[in-house]
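Quick note: the coordinates plus some simple rules give every number you see, no bench work behind them. Everything quoted here is computed from the prediction, not taken from an experiment. Virtual Cβ from ideal backbone geometry, glycine too; neighbours counted across all protein chains shown.
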Amino acid sequence: MDIWNYLEYAAWALSAVIAAIMIMDMIKIDTTYDNELLTSSREGELELTQERHELDDVL
Amino acid sequence: MSNVSATAAPERLGLLRVLGPAHVWALGVGIVLVGEYMGWNFSVGKGGMIAGLVACWVAGLLYTCVAMIDSEVTSTVAAAGGQYAQAKHIVGPLMAFNVGLFLVMAYTMLEAANAITIGFLLDTVAGMLGHSGLNQKPFIILTILALAWLNYRGVLASLSFNLVITAFAFAAIIVLFLSVQFGASAVPLDFSAVTNEPLPYGWLGIVAALHFGLWYYLGIEGTCQAAEEVRSPARSLPFGTMAGIMTLVIAATLTWYVCSGLIPWEYLGSAGTPLFDAARVTGNSGLMVLLFIGTVFATTASANGCINDASRAWFSMGRDHYLPEWFGAVHPRFRTPYRSIVFLVPIALIFALGAPLDQVITFSILSGLLGYTFMTFNMVMFRKKWPLGTIKRGYVHPWHPLPALILLVLCAATYFAVFLGYGTQLIAMLCFYIIASLWFHFWRYRFVKRGDQFTMPWPRPQGY
């Protein structure tokens, strides 16, 4: 066993921890918030509020 | 499922608009710069030094056209999904579905290739330090998961991280060039092969080299995926993209110059890490450390940018119901497409752990190439449907339709080059996209709410 073997175990452990944190957070969010709210994003919202695709001289 | 927090949260969740032009630059260059550190040099192996340089500049021209076209269209279609959103608005749903798949496949496979490379680099270091037979798998998995987690937590942190490590990797190339120019190398630059063996495999060698010339710039079009998260898309996207392609042309030329001058072309053509190998040839330990860190940073930045881009494309397709709507969710706190990010992790792991590197890279290049081909007629249709003066553009590219035509010709030449080396993969890839298109047309499209996909307040196109 040298430092590289320990690094291999550390990488396995860190991977497992990160995967667990990410999945647990996802489950928490999915069970806390309404799916309709989570999927409420719409394309082009900025254009609707700030950058209308209009040219003064055309429209 | 409860609604406890729905009332406290805003009525509608969207991706967070926090990015500036520097982040756009970091996303585009970050994905690509790894191509300077490895992969491009196979073009030298295919056709010699001159062919390598021609491939570098011809591919540079191809990608300059890509950057110009993308800058104009994306500064108008400022939506996550980039070219997918462009295709949806300009061409139609079936094209959009295909472009979305091109993007997800290209970026996910590139991410897998980067993770494999990090495993290989660590194995090399372990070998140099006396440890043989390093198990690369835990490091490959950790790379993908850690970067996915960073992306999950927020786009600002993720792309700020990319900005720092990409800038470092670019600076490392500049430092190597300057050091070699000012005598820090124990071995002088030698370009005698340019005159002695200009084209060892003839003109066909130049065509064959084109395939790997793409490596210098593959992925710069990824800047478009940030469209929905930049504060000012009309300004930041063209600025970040054009600055990105200029950076890459400089980095590519310097890379070819230093590596070709220090390493004989026969060895350079098959080197695993050409810039690091060039630093080793100089005999300067400081340069060796710098270029090794640069290689690791460039690879990490590429994987990080790929996770960002693949998840945005997948999220956009889910939001439009081209895929299950479940994927179109935004995290209420981090404001990221968290379900798409998590879903793509096992896909990347399957490619990283189960497929050979060259096959993964080839499928990534082919998906990218199909996307570039789409851009040519997309641009022509965009100018035809919304001529100048009928819609607000953040950037207008010059000499239309010349860049689109040049791009089309160069794409055709590259298809031929790919066919020479990887004809089976090219045909397999096309079959995959044809089957996916049939599935979308005959089954999936029934779930798409026709009006909901087009929420941009655009003027009606000419002729409609």
(message) Let me test this: with uniform point scatterers at the alpha carbons of the stretch B:188-294, what is the Debye-based log₁₀ I(q)/I(0) at q = 0.13, 0.15, 0.16 1/Å?
(response) -0.66, -0.81, -0.87
(request) For residue B:446 and residue B:293, compute 0.36 nm times the residue count separating them, minus their Cα-Cα distance, and round to one decimal in nm. (result) 50.1 nm
(request) Bin all alpha-carbon pair distances of the stretch B:287-444 at 5 Å intervals from 0 and give each bin's fraction as a whole percent. (result) 1, 7, 10, 13, 16, 18, 17, 11, 5, 2, 0, 0
(message) Relative contact order of the stretch B:21-446, please, whole-number percent, based on alpha carbon pairs below 8 angstrom and at least 6 residues apart.
(response) 36
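Starting from the eigenvalues of the Cα gyration tensor, five times each then square-rooted, give me the equivalent ellipsoid semi-axes of the stretch B:21-446, largest first, whole Å.
Semi-axes, largest first: 33, 25, 21 Å.
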(message) Using each residue's phi in the stretch B:449-464, evaluate 6.51 cos²θ - 1.76 cosθ + 1.60 at θ = phi - 60° and report the 3J(HN,Hα) Karplus result to the nearest Hz, with x for Gly and Pro.
(response) 7, 3, x, 5, 6, 10, 9, 6, x, 8, x, 5, x, 4, x, 10
(message) Using each residue's phi in the stretch B:229-240, evaluate 6.51 cos²θ - 1.76 cosθ + 1.60 at θ = phi - 60° and report the 3J(HN,Hα) Karplus result to the nearest Hz, with x for Gly and Pro.
(response) 10, 8, 5, 9, x, 4, 9, 5, 5, x, 5, x
(message) Spelling out what I want: for every residue of the stretch B:189-195, take phi, set θ = phi - 60°, compute 6.51 cos²θ - 1.76 cosθ + 1.60 (Karplus), and round to whole Hz; glycine and proline get x.
(response) 5, 9, 10, 4, 5, 4, 8
(request) Name the long-range amide H neighbours of residue B:19: under 5 Å, sequence gap of 5 or more, or other chain; modelled H, no Pro or chain starts. (result) B:230, B:231
(request) Could you work out the mean count of beta carbons from other protein chains within 10 Å of each residue's beta carbon in B:219-231? (result) 1
(request) Net charge near residue B:20: determine it from the other residues with C-beta under 14 Å of the C-beta of residue B:20, scoring Lys and Arg +1 and Asp and Glu -1. (result) +2
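For B:332-342, what's the mean count of beta carbons from other chains sitting within 10 Å of each residue's beta carbon?
Going residue by residue through B:332-342 and averaging, the value is 3.
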(request) Take each of the peptides A:13-26, B:134-147, B:166-179, average the number of other beta-carbon atoms within 10 Å over its residues, and list them starting from the highest. (result) B:134-147, B:166-179, A:13-26
(message) Using all alpha carbons of the protein assembly as shown, what is the percent of pairwise distances in each 20 Å bin, ordered from the shortest bin to the longest?
(response) 23, 56, 20, 1
(request) Using only the C-alpha atoms of the stretch B:92-251, find the volume of their convex hull and express it per residue in Å³. (result) 217
(request) Using label points projected 7 Å from each Cα along Cα→Cβ, tell me how many nm separate residue B:178 and residue A:6, to one decimal. (result) 3.8
(message) Modelling each spin label as a point 7 Å along the Cα-to-Cβ direction, I'd like the residue B:428/residue A:36 distance in nm, to one decimal.
(response) 4.6
(request) Using only the Cα atoms of the stretch B:179-230, each taken as one equal point scatterer with no solvent, compute I(q) by the Debye sum, divide by I(0), and report log10 of the ratio at q = 0.17, 0.19, 0.24, 0.31 Å⁻¹. (result) -0.82, -0.85, -0.94, -1.06
(request) Let me have the 222 nm mean residue ellipticity of chain B computed from DSSP H runs of 4+ only, each contributing -39500 (n - 2.57), with the sum over all residues rounded to the nearest 500. (result) -23500 deg cm²/dmol
(message) What aspartates and glutamates does residue B:88 reach when the alpha-carbon gap must be under 13 Å and sequence neighbours fewer than 8 apart in one chain are set aside?
(response) A:43, B:320, B:452
(message) Using a 7 Å offset from the Cα along the Cα-to-Cβ direction at both residue A:27 and residue B:16, what is the distance between the two label points in nm, to one decimal?
(response) 2.5
(request) Please list B:363-371, B:391-399 highest first by mean number of surrounding beta-carbon atoms within 10 Å per residue. (result) B:363-371, B:391-399
(request) Taking chain B as the reference, fit the longest principal axis to its C-alpha atoms, fit the long axis of helix B:357-385 to the helix C-alpha atoms, and give the angle between the two in degrees, 0 to 90, nearest 10. (result) 50
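Residues of A:10-22, mean number of Cβ from any other protein chain within 10 Å of their own Cβ, rounded to a whole number?
If you average over the peptide's residues, the count of other-chain Cβ atoms is 6.
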